[in-house]
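The values are calculated or read from the model by the stated rules, or taken from the named source; none is laboratory data. Keep in mind that what you see is a predicted model, and the values were worked out from it rather than measured. Positions of Cβ are backbone-derived with ideal geometry, glycine not excepted, and every protein chain shown enters the neighbour counts.
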Amino acid sequence: MLDAVSAELLKFSRHRATWFLIWIYPVGFILLFAIAIAVALSGALPESPGTPSTAKWIENTAAVWYVPPHTLGRYLIAAFTAVVFAGEYGWNTWKLVVLHRRRPALIAAKYAMVLLLLYGAVLFTALLSVVLTWASDHLTGDAIPPGITPAAILHEHGMRAAVTIAPVLLTIAYTSLAAILTRSMIAAVVIAIVIGTAEQTFTAFAPLLSVYAPRLIWGLYQVLPGYHLENLGSWIVEGKAFEARFPRTGVVALGWATSAMAMAAWIGGLMLLTLGSFRRQDIN
Amino acid sequence: MESEGAVVELVDLSKTYRGRRGGVHAVRNVSISVGAGEVYGFLGPNGAGKSTTIRMLLGLIAPTGGEVRLFGEALRSNPRTLRRVGSLVDGGAFYPFLSGRRNLQVLARTHGGEGADARIDPLLEQVGLAHAAERRVKGYSTGMRQRLGVAAALLHDPDLVILDEPVNGLDAAGIQEMRMLIRNLCDEQGKTVFLSSHLLHEVQQVCDRVAIISRGEIVREATIAELLRQDEGLRIEASPLAMAQSALEGRWAVEPDGGAIRVAATQEEAPEVVRRLVGAGVDVFGLAPERRNLEEVFLSITQEDPDA
């Protein structure tokens, strides 16, 4: 299995689109950071209100973790996953590799590679963020709040990273399935964007929509993954359930275990469908 | 390496594609057996079912009927047998953004077998791509891709090598090198080669045995020698032709051939043919053995098939 993952890494280490979709995290961060420093040094901003709190300072360094679970980040992950899974159809290279490994192992290696590169890039960006924030405060003479310890930084970053896991895995899962079924990078990206947008839109507007079909929307809201993603995030960050108020049917506020199981079912189900579809697929 | 027994066995192999107007039978009840150390040719006109059969043999597409057995084991229940197979399909499809060497490294790691990495340089040398090893494959010519495909097929030292149209895009020298390489794989390294090609002259020179597929069905399977012998004949210039024809008919098949007749007799039977003609009072002016090449035999077989 390690050989297969290493083959995937070797394969995509020279693929420009892949690197764009991975390096965009650190490069994008450095660009934004450079712009912020330039603006601060030019004096265009009003005087800083003072030293931020320790919690705020640490939270700022963890900003990159907000990207993967939100809309733009999920589109980027969808594009990356589509390239990795559907690229083999475009290059006609599945027939080159399926002789050498069992098909499920090839798909598993792709999942591992996507997660490894994605989390590697975000982790690197987070590290960069801590180092650059600290360095810029020194350079600009801003005071660094007291009480910043590696443990406190690790705790905040770990918590933010944990919030990303379910949405990232879900995006990878439905994009990989779309890629295997459509055999096309573009189709997979389009389908992933449509699904992602629909899921987030439904989650946001379900309480409003529920006035038209209260029971149906109430039921769908608790079955579809959108609420469970919000709920898991809320449990991790705030330690309590995410409350969704429905005008006619009441409040949805589920335990973390229920949401974790629901997400495991969605993600596991979609990944198993991907494996199953690929295992039975004719490669012409 | 298997020393005896069939390396490849196709048993009643079929593939039907579902369509709106019923199924399309791409391959129907194909049964062949390839022994260890053979170079086996798989011939057929375009659309005859060669590629579909090869894809089923490689586990790329699932048969709708029958079975593929490799090294005595059913492929469906033991797909790991494919790790003993090397293949070149579709002219060598590769990652276009990687160099030739990097493509082989990816394959070596995917396979995970011992020693594949160490074989990369000798193989690039062997297929004449050492000078272009660091160039991206997207800049390769068709012939270069084909050569890289052969290197990829041999990378993990397989016992069975399946080559689909391996000489496509190669120049005359390249074709000759490929012919020598294929014979060497069999004669020196004891590998079994399953080869599909439309260049019948090449097939005739390298294959021990061939199967001809037409309209999804095997219409002939024989050694090259048997196949050519089946169509052996004698061209006889004699007078009067009508009398000559009636003297021989009943014993051999006779057909007019311009100003002569063609008799479906072997060279060994020539004295008997002459005796009969002379005995019937026919004047014989010339007799020449006629042996068709594989291309002529192939055309006569595939054109015999009323559907082809």
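Out of curiosity, is A:L132 farther than 24 Å from A:A109 by Cα and assigned to a helix (DSSP H, G or I)? Spell out how you get there, then give the answer.
Values: farther than 24 Å from A:A109 by Cα: yes; assigned to a helix (DSSP H, G or I): yes.
So A:L132 fits the description; yes.
Within the set of pairs 6 or more residues apart or between chains, which connect a residue that is within 7 Å of chain B (Cβ to nearest Cβ) and without any contact (Cβ under 8 Å) to a residue 24 or more places away in the chain inside region A:87-99 to a residue that is of a type in the set (D, E, K, R) and in a loop (DSSP other than H, G, I, E, B) with Cβ atoms less than 7 Å apart?
Close Cβ pairs satisfying both conditions: A:N92/B:D90.
For region A:140-156, indicate whether the set of residues that are in contact with an Asp or Glu (Cβ under 8 Å, 6 or more places away or on another chain) and surrounded by fewer than 16 Cβ atoms within 10 Å (Cβ to Cβ) is non-empty. First the steps, then the outcome.
The initial filter retains those residues of region A:140-156 that are in contact with an Asp or Glu (Cβ under 8 Å, 6 or more places away or on another chain), namely A:143-144, A:156.
Now drop any that are not surrounded by fewer than 16 Cβ atoms within 10 Å (Cβ to Cβ), which leaves A:143-144.
There is at least one residue in region A:140-156 that is in contact with an Asp or Glu (Cβ under 8 Å, 6 or more places away or on another chain) and surrounded by fewer than 16 Cβ atoms within 10 Å (Cβ to Cβ).
Is one or more of the residues making up region B:109-132 within 20 Å of A:N92 (Cβ to Cβ) and surrounded by fewer than 21 Cβ atoms within 10 Å (Cβ to Cβ)?
No, there is no match, as no residue in region B:109-132 is within 20 Å of A:N92 (Cβ to Cβ) and surrounded by fewer than 21 Cβ atoms within 10 Å (Cβ to Cβ).
State all residues of region B:111-159 that are more than 18 Å from B:G91 (Cα to Cα), under 27 Å from the mean Cα position of the chain (by Cα) and in a loop (DSSP other than H, G, I, E, B); if no residue qualifies, say none.
Answer for region B:111-159, where residues must be more than 18 Å from B:G91 (Cα to Cα), under 27 Å from the mean Cα position of the chain (by Cα) and in a loop (DSSP other than H, G, I, E, B): B:H156, B:D157, B:P158, B:D159.
On the given criteria, is A:I283 under 18 Å from the mean Cα position of the chain (by Cα) and of a type in the set (A, V, I, L, M)?
Criteria not met by A:I283.
Do you know which residues across region B:230-244 are touching a strand residue (DSSP E or B) at 6+ places or on another chain (Cβ under 9 Å) and either within 14 Å of B:E295 (Cα to Cα) or not small (G, A, S) (or both)? Full working, then the answer.
Keep residues of region B:230-244 that are touching a strand residue (DSSP E or B) at 6+ places or on another chain (Cβ under 9 Å), which gives B:230-241, B:244.
Within region B:230-244, B:Q230, B:D231, B:E232, B:L234, B:R235, B:I236, B:E237, B:P240, B:L241 meet the criteria.
Kindly evaluate B:R209 against the criterion of being farther than 30 Å from B:L277 by Cα, surrounded by fewer than 17 Cβ atoms within 10 Å (Cβ to Cβ), touching a residue at least 60 places away in the same chain (Cβ under 8 Å) and assigned by TED's automatic domain parsing to the domain that holds B:G41.
Working: farther than 30 Å from B:L277 by Cα: yes; surrounded by fewer than 17 Cβ atoms within 10 Å (Cβ to Cβ): no; touching a residue at least 60 places away in the same chain (Cβ under 8 Å): yes; assigned by TED's automatic domain parsing to the domain that holds B:G41: yes.
For B:R209, the condition - farther than 30 Å from B:L277 by Cα, surrounded by fewer than 17 Cβ atoms within 10 Å (Cβ to Cβ), touching a residue at least 60 places away in the same chain (Cβ under 8 Å) and assigned by TED's automatic domain parsing to the domain that holds B:G41 - is not met.
Just checking, how many residues over region B:10-32 are over 19 Å from B:V206 (Cβ atoms) and either in contact with a helix residue (DSSP H, G or I) (Cβ under 7 Å, 6 or more places away or on another chain) or part of a strand (DSSP E or B) (or both)? So that I can check it myself, show each step before the final result.
We begin by selecting, within region B:10-32, every residue over 19 Å from B:V206 (Cβ atoms); these are B:10-31.
If we keep only those that are either in contact with a helix residue (DSSP H, G or I) (Cβ under 7 Å, 6 or more places away or on another chain) or part of a strand (DSSP E or B) (or both) as well, we get B:10-17, B:24-31.
Number satisfying all stated conditions: 16.
Starting from region A:30-43, keep only residues that are over 17 Å from A:L127 (Cβ atoms), then list their pairs with residues that are at pLDDT 85 or above whose Cβ atoms are within a distance under 9 Å, requiring at least 6 positions of separation or different chains.
Final answer for the pair search is A:I37/A:L132.
Yes or no, residue by residue, for (1) without any contact (Cβ under 8 Å) to a residue 60 or more places away in the chain; (2) of a type in the set (G, A, S); (3) under 30 Å from B:Q105 (Cα atoms); (4) in a strand (DSSP E or B):
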site	(1), (2), (3), (4)
B:V8	no, no, yes, yes
B:M56	yes, no, yes, no
B:R76	yes, no, yes, no
B:G86	no, yes, yes, yes
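Could you give every pair whose Cβ atoms fall below 9 Å, whose first residue belongs to region B:276-291 and is without any contact (Cβ under 8 Å) to a residue 60 or more places away in the chain, and whose second residue is among the basic types (K, R), counting only separations of at least 6 or pairs across chains?
B:R276/B:R251; B:V282/B:R276; B:G286/B:R235; B:L287/B:R235; B:A288/B:R235; B:P289/B:R235; B:E290/B:R235; B:E290/B:R262
Does A:A78 fit the bill of being buried (at least 21 other Cβ atoms within 10 Å of the Cβ), of a type outside the set (D, E), more than 14 Å from chain B (Cβ to nearest Cβ) and assigned to a helix (DSSP H, G or I)? Give the derivation first.
Working: buried (at least 21 other Cβ atoms within 10 Å of the Cβ): yes; of a type outside the set (D, E): yes; more than 14 Å from chain B (Cβ to nearest Cβ): yes; assigned to a helix (DSSP H, G or I): yes.
In short, yes.
Could you tell me whether region B:160-170 includes any residue that is crowded, with 19+ Cβ neighbours inside 10 Å, part of a helix (DSSP H, G or I) and either in contact with a Leu (Cβ under 8 Å, 6 or more places away or on another chain) or of a type outside the set (K, R) (or both)?
Looking through region B:160-170, none of the residues is crowded, with 19+ Cβ neighbours inside 10 Å, part of a helix (DSSP H, G or I) and either in contact with a Leu (Cβ under 8 Å, 6 or more places away or on another chain) or of a type outside the set (K, R) (or both).
Can you give me the number of residues within region B:273-284 that are in a helix (DSSP H, G or I) and either surrounded by fewer than 14 Cβ atoms within 10 Å (Cβ to Cβ) or not assigned by TED's automatic domain parsing to the domain that holds B:L248 (or both)? Write out each step before concluding.
Quick first cut of region B:273-284, residues in a helix (DSSP H, G or I) only: B:273-279.
Right, trim to either surrounded by fewer than 14 Cβ atoms within 10 Å (Cβ to Cβ) or not assigned by TED's automatic domain parsing to the domain that holds B:L248 (or both) and you get B:275, B:278-279.
Qualifying residue count, region B:273-284: 3.
Table: residues versus (1) within 7 Å of another protein chain (Cβ to nearest Cβ); (2) closer than 18 Å to B:L195 by Cβ; (3) modelled with pLDDT under 90.
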| residue | (1), (2), (3) |
| --- | --- |
| B:T53 | no, yes, no |
| B:G66 | no, no, no |
| B:L70 | no, yes, no |
| B:R76 | no, no, yes |
| B:R80 | no, no, yes |
| B:P96 | yes, no, no |
| B:A108 | no, no, yes |
| B:G113 | no, no, yes |
| B:R119 | no, no, yes |
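Which of the residues that make up region B:82-94 are more than 7 Å from every other protein chain (Cβ to nearest Cβ) and surrounded by fewer than 24 Cβ atoms within 10 Å (Cβ to Cβ)? I'd like the intermediate steps shown before the answer.
In the first step, residues of region B:82-94 are kept if they are more than 7 Å from every other protein chain (Cβ to nearest Cβ); the result is B:84, B:86, B:88, B:91-92.
Residues satisfying the conditions are B:R84, B:G91.
Being among the small types (G, A, S) and within 14 Å of chain B (Cβ to nearest Cβ): is that true of A:S234 here?
Values: among the small types (G, A, S): yes; within 14 Å of chain B (Cβ to nearest Cβ): no.
For A:S234, the condition - among the small types (G, A, S) and within 14 Å of chain B (Cβ to nearest Cβ) - is not met.
In region B:205-227, what count of residues is obtained for those that are touching a strand residue (DSSP E or B) at 6+ places or on another chain (Cβ under 9 Å) and in a helix (DSSP H, G or I)?
4
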